[in-house]
Amino acid sequence: MFLYNKIRFVWEVKLLKQYLNLSLENQVPIEIIYLSKCGEFSQRKVLVRRISKEKVVAYCYLRNQIRSFSLDQILSASWSKKIKVS
């Protein structure tokens, strides 16, 4: 059985929520590291659509569809690399 330590520092949660909120407010993609229910790590580029107390609904560029992510399974978030469009 896969065990995952869910203990987080308060500043980690606040920083994660800042990235999620800024993505939502400015419609800017972010990169997240996510731990699936099966215990597999996944890196996703997402555009946040909605944030609730326990879940984030976002457009996932990997799956090309709207996906739901559990907040406690998102391990990190950062700005997505910009793609130059000509």
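What net charge is computed for the residues neighbouring SER36, neighbours being all others with C-beta under 12 Å from the C-beta of SER36, Lys and Arg scored +1, Asp and Glu -1?
Once all neighbours under 12 Å are counted, the net charge is +2.
How far is it, in nm, from the label point at VAL57 to the one at ASP72 when both lie 7 Å from their Cα along the line to the Cβ?
Computed distance between label sites VAL57 and ASP72 equals 2.2 nm.
Values in this text are rule-based calculations from the coordinates and carry no lab data. None of these values were measured; they are calculated from a predicted model. All Cβ positions, glycine included, derive from the backbone under ideal geometry; neighbour counts span all protein chains shown.
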